[in-house]
Structures are given as C-alpha cells and as structure tokens.
Amino acid sequence: MLGICRGRRKFLAASLTVLFVPAITWIYLFAGSFEDGKPVSLSPLESQPHSPRYTASSQRERESLEVRVREVEEENRMLRKQLSLVQSRGPPHHRGNHSKTYSMEEGTGDSESLRAGIVAGNSSECGQQPVVEKCETIHVAIVCAGYNASRDVVTLVKSVLFHRRNPLHFHLIADAIAKQILATLFQTWMVPAVRIDFYDADELKSEVSWIPNKHYSGIYGLMKLVLTKTLPSNLERVIVLDTDITFATDIAELWAVFHKFKGQQVLGLVENQSDWYLGNLWKNHRPWPALGRGYNTGVILLLLDKLRKMKWEQMWRLTAERELMSMLSTSLADQDIFNAVIKQNPFLVYQLPCFWNVQLSDHTRSEQCYRDVSDLKVIHWNSPKKLRVKNKHVEFFRNLYLTFLEYDGNLLRRELFGCPSEADVNSENLQKQLSELDEDDLCYEFRRERFTVHRTHLYFLHYEYEPASDNTDVTLVAQLSMDRLQMLEAICKHWEGPISLALYLSDAEAQQFLRYAQGSEVLMSRHNIGYHIVYKEGQFYPVNLLRNVAMKHISTPYMFLSDIDFLPMYGLYEYLRKSVIQLDLANTKKALIVPAFETLRYRLSFPKSKAELLSMLDMGTLFTFRYHVWTKGHAPTNFAKWRTATTPYRVEWEADFEPYVIVRKDCPEYDRRFVGFGWNKVAHIMELDAQEYEFTVLPNAYMIHMPHAPSFDITKFRSNKQYRICLKTLKEEFQQDMSRHYGFAALKYLTAENNS
C-alpha cells in the first residue's frame, strides 16, 4: 500500500509540475515586462539600444531568461510524454498474479453510476481513492433462516452479482432449511468466481439463546454478534448484510472503505435514520443506550482480526448482561447490543456515509441520504411492512427491488475475465459432456438438454409436514408450468395428503406464482405442499427433470406419480394408504395403478363413487383416457375387467404402456433424454418392468383428466417432422441402453416395439 501511495505522489507532483511551472514562468516574464506601468518588449528586434533604460547587462539577462524559458518548455514536453506512457501502461503490478488494481479512472460497471468509479467519494491514507485489486475476493456474511429469508437472500445476491466485478465468497449462517434450499440453488446456479460456505445456525443458538429478544427476527437476529467465533480464524474482514438489502452499486466500493479505518476502528456502520434511540417516539419509550441516534446494523463492516484481539466476545457479553438487568430484553435484536457497546467505546466505529444503508422504515430521515439516483448505494427494507413502507420515493425503490426480484438469474453466470477461478467439478464435467456432443447432429439440441443444469429453488413457500407414523403415507408428485397454475386449488380439494410439485417458471413467473399462492386461501391453508421452482432455460420443457426434482424431495415412504391435469377421486389419499398395507408394498416390488379417465367438459360434476363414474362412462360424459388418440397408452389397464373388479388384479407390461402408479420412493428416476412431448412416461414404465416391478390395478381408485388447450410441446411434435425424427432416434437409443443394462430380459422391448 505504501508503494502505491509513493507512486501516486510522484504522479501528482509530476502533474503539478506540468501545470504550474509554465504558468509561473510566464507570469514572471509578463510581470517583468512592465516598468513604470508600461509594457516592455521582450523581442530583441524591438529593443532600443540607445535608450537610457537599455543597458548591455539587461540585454544579457533577457537573453538568458529566454533560454531558460525554452529549457523549461522542453522539460515539460518530455515530462508530458513520460506521463502519457505511464498512463497507457496502467498501474504498477505487485503481489504476484492478483496485482491489477482499479480506482475511479477505470470503468467499474455497466451502469452510469458505476462508471463514476468504484470508490467514488472515499479517500485513503495517502490522499487518493482507495483501491480494490481486480481479483481480490470480497467476503460477505449473511444470517439466513427459514423459507422466506431464503427467497430474500436470492434477491440480495442477484443485486450484488449484477454490479460485481470481483470474486465473491459468501459466508451463510443458515439453519437446516435455508442450507438445503440455498445449497441446491447455488450448486445449480453455477455462477463463476462465487464460493459459498455454510455455518450451522442451530449450533450457534446456545451462544445467544440467553438473550430475550422481542424483534421479529427471533434468535437468528442475534447471531451477527458471534461472527468473530463463527467465521474462519484466518478471515480478517467481512461485510455483513441483512437479507432485506438491495445493492445499487458494486459491492467493491463498500469493500474499499476498509482502507479508511484508522486506529482502533473495527466497525463500519451507518447512523440509524429513525428516532428510535432518541427515546421520543411515544410516552415512556425507553430504548437501549446508544450514541446519539445510534447505528443501524443492516450493513456492517467488520475487522475480524482486530475484534478478536480486542476480545469482542467478552466485550459484548458483559455489556449485554449489564443492560439486560434493567432493559430485560432487546427490541431490535443485535442492533441494541452493538449500540450499547459503542456507547461505551465510541472509538470502535467508523461512521459510513448514510447512502451505504438507506433505511426505508416509516418516519426515517432516509431522504437526506441522497439528492439523485446516482447517490444511492444500498437500500435497506428494514420495516416489517417491507415494500408497503411509507417514503416519498418508495415507488422508485420498489421498482428497483422488483427489477432484481424478477431478473433472469441465468444472465448472471458471467465470467470474470482475467481472474483465475477455483476448479468446479460439476462445471468441468458439464463442459466435458457437452464437448462430446456433435453440434452438426440434427438432434443436438435434444441431446444437449439432457445435460443442461437448471437453476433450482426448493421449497419456494413454507413447508411443514411430518409423515404419518404408521409408514403408510403417500405424496402426490406432479410437475407444471404457468399455464396449469389454475389446477392447484382443485387438486388440493381432492387430495388432502402431502404434495410435491416442480414448477417450470422464469424468475418473473415465479413472483407471479408467489403472489397467486399468497392470495389463495386454499393454498395458504396448506403447509404440506412442497413447491420447487426449476427456472426456465433452453427451448424444451424438461418434463422428466421436473418429475425427478419433485420425486427427490418427498418425505413419505410412497409416492403417487401423477400429472397436474388430473383430479384424483375424493378420498384417494386414504384409500392408497390402506392399499399400501393390503398389498404389502413395503416388502414387494409393486406399482399400483390408478385407472385414468377423461372428460371433454370444462365443467364437470365430479363422480363421488365408482358406480357414479361407470354411469357417466355409459352416458358418454366420461371416457377412458386417450381412448380416441392413444389407446395403447392405457389399454393394458383392462378397463373392461376394472368395471366389475372388487379386488386388485395384476396386468402385464405392453408396448407404450404409461399408467399412473403408486410406488416406493426408491423407484428409478425418469430418463432425462426425453423432453417436451413423447415417451417420457413410457420409458419410465418400461424401466420399472425391466426391474421386475409387478403392475397391480386398484379396483376402487380412479382419476380424471380435465380438458385444457394443447401444450406448446405437443404442437411442436405435431408440426415439426425433425422433432418426431429425433424422438424416434432417442427412443431407439434408450432401448439399446436398456438391453445393455438389463441384458437378455430387455430384448422383449425391442421385439414389442417392432411388433407394435
């Protein structure tokens, strides 16, 4: 750092020389050219040798001065040349490969506000702007617990990734729920130069559980106090953020502020912008002690190494114990304790400009933090009302937040050129698989889809369910896109058991779904539905990937593999649980078949019994599923036998059979090579048969397919010849794979296909 400062001082001195030496010289000459208030000519041609004022000595002085002026001009010309060379080469290199630095002279982002400079408004000890090395890793710590906070973290991370130009290392203090959600999300997001580490928040509860806290954040709102113990001992500094933060600039600008810390300053904080700590909000309002207005802990810069040396752990604990004797509990979680410590030790704080934490709670002074949009750095939605908070410019802030909320996260998979990345095994394997594909193959796009990694957000909404203790519980598994959303409420009314759904949505559609679900009394009353968002990417509907995601995240021993367009009969959930016991599904390889029917009517009086269904079947109100376009798909169910059956009966596999079945959760996954329309269920049933599953039809179970407009994928199948050719090719390759995997027994699938 000292070397940088010296270099810049030389640069500054040289610049001043270029600017001021000629100016001073000419002022001197110009002033010297006046005598008695009259100008004196400097040109020898205009001199008057016979003038009494003119002497030989003055002539020599004048000539000497002119020579000196020319020498200075020549020196300045050479100096300007040297300076231009220095600027073209860029800043000096140091510390190995991670040497290039940037300051406000270099472009630091895509937006106008970023072009103003990565460290605009801050100065360092050497009188220049602080710099952040191009490939320096920025460390960010976030405490996150639960389903809602996990969604908030994604929006925060998007805003950081959008502006960033540095490698990032996120330290997530998460409970088991948040860890499961975010680990899967980041693993499937595959953002270059981003590292994620998790720390078990539940293990930290004992560190802070002794502190009563009234704040809505609960016990997790106190965990920032123990970061010096939680984070790695070799981590020297970290930016700590609340989950309700939105960045409007490159986070490297904030990281650069660490260079401004002096002496014993170890905490970088923005002043609290409400009157909370002034104690005048209502009668008998008694806040925790604070220095003036106090400080807000939504954004914190922590110098961890110095805090550890200062025995921070002991410092905050003693302060909290003393204050709790009179305050009894905290009102604003960790913020109260941070402020109490600062009240006693004001030297610990470096006060950040308030644009680093524009606090949008009611009745704050946040409007004083900015005069223009370009002034905004960090927006903090620290009111329980969140987007409904009162603020003169709340519409602007809300739109900025919604921009990142609905922004396509796939676009943030940007490489940081010039910065070495840690080897990612998943990414390397993906590139290897893709490189083995032939891009000239007419079915290349189909084959590529099999290897596409789709960003996945598990449990998008709150999920809470404990499977029945008798080990008979069954989860309904299905997948859908935005155009089938209207089926959810109807299915919930027909199936009271747990449901696992994979939804194929864009980022914007995910937010539409969230608003739809939160506005539905039916959906909000159910906590046993797992909604798993698989984000859109590519040109095909990855139907079997979606099914696999939904299957993988069930908590019951059995699952009913259905489709979103079907309504199960009333009471099917309880009927299946009894059938599981009756047919000993736990100890046998069985696939229990639920016969499928369909109606062409959008409004249907749903049959409440098998007898009523048979009557509607005879009247032509109902039909066996796809009897008029794809008879082979369900013909082996033997509907004629089902009409009179009173006990379960076994059926044999036949070509193109694709029934809806109940199986154990350990059944094989669906084959991902089949996307869009065609053979996605057929291939799965074929593999169940190859693994010697026994197909058993349930005599008193049924489901009914509801009418809807044709999907985009079936339209492509019907209109695109190449689509059908590729599907046929993939089918043949699947059958060959089956033969290789299952041997002689699988030859029947090739024979059956040829005979069908």
Residue in segment 298-315 that is farthest from residue 262 (Cα to Cα), counting only those that are assigned to a helix (DSSP H, G or I), open to solvent by less than 40 Å² (accessible area, probe 1.4 Å) and not charged (D, E, K, R): 312
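Touching a residue at least 60 places away in the same chain (Cβ under 8 Å) and of a type outside the set (Gly, Ala, Ser), is that true of residue 210? Even if it seems obvious, please write down each step before you answer.
On the way: touching a residue at least 60 places away in the same chain (Cβ under 8 Å): no; of a type outside the set (Gly, Ala, Ser): yes.
No: the conditions fail for residue 210.
Going by the structure shown, is residue 656 open to solvent by less than 40 Å² (accessible area, probe 1.4 Å), of a type in the set (D, E, K, R) and in a helix (DSSP H, G or I)? So that I can check it myself, show each step before the final result.
Numbers: open to solvent by less than 40 Å² (accessible area, probe 1.4 Å): yes; of a type in the set (D, E, K, R): yes; in a helix (DSSP H, G or I): no.
No: the conditions fail for residue 656.
To keep it simple, each residue is scored yes or no on (1) over 37 Å from the mean Cα position of the chain (by Cα); (2) among the acidic types (Asp, Glu); (3) modelled with pLDDT under 90; (4) not assigned by the TED database to the domain that holds residue 475.
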position: 648; (1), (2), (3), (4): yes, no, no, no
position: 653; (1), (2), (3), (4): yes, no, no, no
position: 668; (1), (2), (3), (4): no, no, no, no
position: 684; (1), (2), (3), (4): no, no, no, no
position: 690; (1), (2), (3), (4): yes, no, no, no
position: 696; (1), (2), (3), (4): yes, no, no, no
position: 705; (1), (2), (3), (4): no, no, no, no
position: 715; (1), (2), (3), (4): no, no, yes, no
position: 747; (1), (2), (3), (4): yes, no, yes, no
Return the residues of segment 613-643 that are hydroxyl-bearing (Ser, Thr, Tyr) and either within 19 Å of residue 682 (Cβ to Cβ) or assigned to a strand (DSSP E or B) (or both); say none if nothing qualifies. 624, 627, 631, 637
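When you go through 188, 228 one by one, which is the residue that is touching a Phe, Trp or Tyr at 6+ places or on another chain (Cβ under 6 Å) and not small (Gly, Ala, Ser)?
On the way: 188 fails: touching a Phe, Trp or Tyr at 6+ places or on another chain (Cβ under 6 Å).
Just a single option satisfies the conditions, and that option is 228.
A quick yes/no check of all residues on (1) closer than 22 Å to residue 379 by Cα; (2) under 31 Å from the mean Cα position of the chain (by Cα):
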| position | (1), (2) |
| --- | --- |
| 243 | yes, yes |
| 252 | yes, yes |
| 258 | yes, yes |
| 270 | yes, yes |
| 275 | yes, no |
| 284 | no, no |
Please work out which one of (1) closer than 18 Å to residue 414 by Cβ; (2) touching a Gly at 6+ places or on another chain (Cβ under 8 Å); (3) modelled with pLDDT of 50 or more is the condition residue 114 fails and give its number. (3)
So which pairs qualify, if the first residue must be in segment 515-529 and polar (S, T, N, Q), the second must be assigned to a loop (DSSP other than H, G, I, E, B) and modelled with pLDDT of 95 or more, the Cβ gap must be under 9 Å, and the two must be at least 6 apart or on different chains? 518/461; 528/463; 528/496; 528/497; 528/498
Matching residues, segment 163-195, being in contact with a Ser or Thr (Cβ under 9 Å, 6 or more places away or on another chain) and of a type in the set (Phe, Trp, Tyr): 189
From the option list 291, 318, single residue qualifying as open to solvent by 20 Å² or more (accessible area, probe 1.4 Å) and touching a Pro at 6+ places or on another chain (Cβ under 8 Å) is 291
Restricted to segment 382-392, and to residues that are open to solvent by 10 Å² or more (accessible area, probe 1.4 Å) and farther than 15 Å from residue 354 by Cβ, which residue is modelled with the lowest pLDDT? 386
Residues of segment 260-286 being surrounded by 18 or more Cβ atoms within 10 Å (Cβ to Cβ) and not in a loop (DSSP other than H, G, I, E, B), which ones? 267, 268, 269, 270, 271, 276, 277
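Do we find a residue being part of a loop (DSSP other than H, G, I, E, B), at pLDDT below 75 and charged (D, E, K, R) anywhere in segment 415-424?
First pass over segment 415-424, keeping only residues part of a loop (DSSP other than H, G, I, E, B): 415-424.
Within this subset, residues satisfying the condition of being at pLDDT below 75 are 421-424.
Within this subset, residues satisfying the condition of being charged (D, E, K, R) are 422, 424.
Yes, because at least one residue in segment 415-424 is part of a loop (DSSP other than H, G, I, E, B), at pLDDT below 75 and charged (D, E, K, R).
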Would you check which residues across segment 679-688 are more than 25 Å from residue 495 (Cβ to Cβ) and open to solvent by 20 Å² or more (accessible area, probe 1.4 Å) and list them? 679, 687
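Can you confirm whether residue 179 is open to solvent by 30 Å² or more (accessible area, probe 1.4 Å), at pLDDT below 95 and of a type outside the set (Ser, Thr, Tyr)?
Details: open to solvent by 30 Å² or more (accessible area, probe 1.4 Å): yes; at pLDDT below 95: no; of a type outside the set (Ser, Thr, Tyr): yes.
For residue 179, the condition - open to solvent by 30 Å² or more (accessible area, probe 1.4 Å), at pLDDT below 95 and of a type outside the set (Ser, Thr, Tyr) - is not met.
Of all the residues that make up segment 585-634, how many are more than 20 Å from residue 474 (Cβ to Cβ) and surrounded by fewer than 12 Cβ atoms within 10 Å (Cβ to Cβ)? It would help to see each step written out before you state the result.
Initially, segment 585-634 is screened for residues more than 20 Å from residue 474 (Cβ to Cβ), giving 597-609, 611-634.
Subsequent filtering for residues that are surrounded by fewer than 12 Cβ atoms within 10 Å (Cβ to Cβ) retains 601-603, 605, 608, 611, 618-620, 628-629.
Residues that pass the stated criteria total 11.
Given the condition open to solvent by 50 Å² or more (accessible area, probe 1.4 Å), in a helix (DSSP H, G or I) and either over 24 Å from residue 548 (Cα atoms) or in contact with a Leu (Cβ under 6 Å, 6 or more places away or on another chain) (or both), answer yes or no: does some residue in segment 729-736 qualify? Write out each step before concluding.
First pass over segment 729-736, keeping only residues open to solvent by 50 Å² or more (accessible area, probe 1.4 Å): 732-733, 736.
Next, only the ones that are in a helix (DSSP H, G or I) stay: 732-733, 736.
Add one more test, that the residue is either over 24 Å from residue 548 (Cα atoms) or in contact with a Leu (Cβ under 6 Å, 6 or more places away or on another chain) (or both), and what stays is none.
Within segment 729-736, not a single residue is open to solvent by 50 Å² or more (accessible area, probe 1.4 Å), in a helix (DSSP H, G or I) and either over 24 Å from residue 548 (Cα atoms) or in contact with a Leu (Cβ under 6 Å, 6 or more places away or on another chain) (or both).
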Taking the condition of being over 23 Å from residue 518 (Cα atoms), part of a helix (DSSP H, G or I) and open to solvent by 10 Å² or more (accessible area, probe 1.4 Å), how many residues in segment 144-166 meet it? 2
Tell me, yes or no, whether segment 690-700 has at least one residue that is out of contact with any Lys or Arg (no Cβ under 7 Å at 6 or more places or on another chain), crowded, with 21+ Cβ neighbours inside 10 Å and within 24 Å of residue 554 (Cα to Cα). yes
For segment 324-381, which positions are among the aromatic types (Phe, Trp, Tyr) and in a helix (DSSP H, G or I)? 338, 347, 355, 356
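Pick out the one residue from 202, 197 that is open to solvent by 20 Å² or more (accessible area, probe 1.4 Å) and either of a type in the set (Gly, Ala, Ser) or touching a Pro at 6+ places or on another chain (Cβ under 9 Å) (or both).
Within the list 202, 197, the selection yields 197.
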Name the pairs whose Cβ atoms lie under 7 Å apart, with the first residue in segment 172-200 and in the same structural domain as residue 535 (by the TED database), the second among the hydroxyl-bearing types (Ser, Thr, Tyr) and assigned to a helix (DSSP H, G or I), and 6 or more positions between them or separate chains? none
Given the residues 488, 476, 461, which is the only one that is open to solvent by less than 30 Å² (accessible area, probe 1.4 Å), in a loop (DSSP other than H, G, I, E, B) and assigned by the TED database to the domain that holds residue 669? 461
Which condition breaks for residue 221 when tested against (1) touching a His at 6+ places or on another chain (Cβ under 9 Å); (2) in a helix (DSSP H, G or I); (3) modelled with pLDDT of 95 or more? (3)
Counting only residues that are closer than 18 Å to residue 562 by Cβ and open to solvent by 80 Å² or more (accessible area, probe 1.4 Å), how many does segment 659-678 have? 2
Checking residue 549 against (1) in contact with a Lys or Arg (Cβ under 8 Å, 6 or more places away or on another chain); (2) crowded, with 22+ Cβ neighbours inside 10 Å, only one condition comes out false. Which one? (1)
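The values are calculated or read from the model by the stated rules, or taken from the named source; none is laboratory data. Since this is a predicted model, take the numbers as computed values, not measurements. All Cβ positions, glycine included, derive from the backbone under ideal geometry; neighbour counts span all protein chains shown. Just so you know, the surface numbers come from the protein's heavy atoms only, side chains and all, with ligands and any DNA or RNA stripped out. Shrake-Rupley method; radii C 1.70, N 1.55, O 1.52, S 1.80 Å.
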